[in-house]
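*Asks:* Encoded as structure tokens, here's the structure I'll be asking about.
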Amino acid sequence: MAEDIDRFSDEWKRCIFMARLAAITDKTKTIGLSQLLAGVRKENPSLFRGVDWQRTALKLTRLSPENLHQASQAKAEIPLDAKAKRALMVAPEVAKKSGSEHVTSAHLLAAVLSIDAKLRKQLLKAGLSKESVDMKSAARQNGGRGKTMVSRSGIGYDLHRLVEKRKLMIGGIEVPFEKGSEGHSDGDVLCHAICDALLGAASMGDIGTHFPDTEERWRGVSSLVFVRQVRQYLERKNWRIAHIDAVVVAERPKLGPHFPNMRVALAKSLGIAPEQINLKAKTHEGLGEIGRGEAIAAHVIATIES
Ligand code: MG
């Protein structure tokens, strides 16, 4: 079920939200197809490129900042009418037909127009592209007109104790130092935070769920194994990694000189270019466990696209 909800893009959810505001603005008792279209138009106007609104009797509510503000104050629950309900059920089918992982505004538009011939005729006459009407091609619009891209971000954080007789592995490489990070695997704090950020962006849980430290097979393993595995999880769901931004917090050693090698190692495992990874180093100003050199931490934000 969680996976099903995940299929609906944020843009899709905003379309439905905007449709409700259109119904409030229109003072209708239900959300109908024209309110859904108003929502789609507000969220993704490029889908209506070519439409000359002067040439059609169809009047969609224009959601201006003023009426949006007014409508958003209203508390009333507004139900969908029968046709709008059907459109919402058809849209995921449209997405499925084209092999799209996500249900977007383009699919909603195609669904609305597939169940109301009059609306379809009116909009085509006014210049709407046939692509937008066609159930299959509308869903394939990711590469052309009406391009809709879904972008998500996730955060990751990790901290490891620094102890003697351990290697200090950070970002997939060994950093020469008198201590290393404690951990079931190789204790690579940066790799772990990257995994959590990516899993978070894709709503796929966290590193502990996928690679529990109770499992013997992960003992002493290179954390790049986790990074590569997470990359595969994302690829299976059609996510691309757009960018990784990280802060590694350690009092010592100096990490900046090692960043170029870390970026290369991480980029290779993530299947992206080193330029898509930004690394920053901070000390803890001598404060707390990190400041005393007893621990190392990392913060990461990952951005993914589909
Ligand atoms: Mg860890």
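Bear in mind that the values in this text are calculations on the coordinates, not laboratory data. From a predicted model like this one, the values you see are computed outputs, not experimental measurements. All Cβ positions, glycine included, derive from the backbone under ideal geometry; neighbour counts span all protein chains shown.
*Asks:* Would you list, by chain and number, the lysines whose Cα falls below 22 Å from the Cα of K165, excluding same-chain residues fewer than 8 positions away?
*Replies:* Within the straight-line cut-off, K165 pairs with K179, K254.
*Asks:* Once every DSSP H run of n ≥ 4 in the chain is given -39500 (n - 2.57) and the sum is divided by its residues, what mean residue ellipticity at 222 nm do you get, rounded to the nearest 500 deg cm²/dmol?
*Replies:* The helix-only estimate for the chain comes to -12500 deg cm²/dmol at 222 nm.
*Asks:* Mind scanning K42/K130; K118/K237; K97/K268 and naming the pairs with a C-alpha gap bigger than 27 Å?
*Replies:* Listed pairs above 27 Å: K118/K237; K97/K268.
*Asks:* Ranked from highest to lowest mean number of other Cβ atoms within 10 Å per residue, what is the order of the peptides 281-289, 104-112?
*Replies:* 104-112, 281-289
*Asks:* Leaving out same-chain residues fewer than 8 places away, which aspartates and glutamates sit with a Cα under 15 Å from that of K83?
*Replies:* Counting by Cα, and skipping residues close in sequence, K83 has these aspartates and glutamates nearby: D116.
*Asks:* How far is helix 105-115 tilted, in degrees, relative to the longest principal axis of the Cα atoms in the chain, given as a value from 0 to 90 rounded to the nearest 10?
*Replies:* 30 degrees
*Asks:* Amide H to amide H under 5 Å from N278: which residues, 5+ apart in sequence or cross-chain, H placed 1.01 Å off N in plane?
*Replies:* Hits under the 5 Å cutoff: I244, D245, A246.
*Asks:* Another question about this same structure. Provide the convex hull volume over Cα atoms per residue for region 170-224, in Å³.
*Replies:* In region 170-224, the Cα convex hull volume per residue is 69 Å³.
*Asks:* Now for a different question. Whole Å is fine, so just give me how far the alpha carbon centre of region 234-306 lies from that of region 152-201.
*Replies:* Measuring centre to centre over Cα atoms gives 9 Å.
*Asks:* What translational diffusion coefficient, to the nearest whole µm²/s, does the chain have by Stokes-Einstein, given a Kirkwood radius computed over alpha-carbon pairs, a temperature of 37 °C and 0.692 mPa s viscosity?
*Replies:* 149 µm²/s
*Asks:* Continuing with this model, one more query. So if I place +1 on the C-beta of Lys and Arg and -1 on the C-beta of Asp and Glu, and nothing else carries charge, what would the dipole magnitude of the chain be about its Cα centre? I want it in debye, nearest 20.
*Replies:* Computed about the Cα centre, the dipole is about 1860 debye.
*Asks:* Would you kindly work out the equivalent ellipsoid of region 215-306 from its C-alpha gyration tensor and give its semi-axes, the square roots of five times the eigenvalues, largest first in whole Å?
*Replies:* Equivalent-ellipsoid dimensions as semi-axes: 26, 17, 12 Å.
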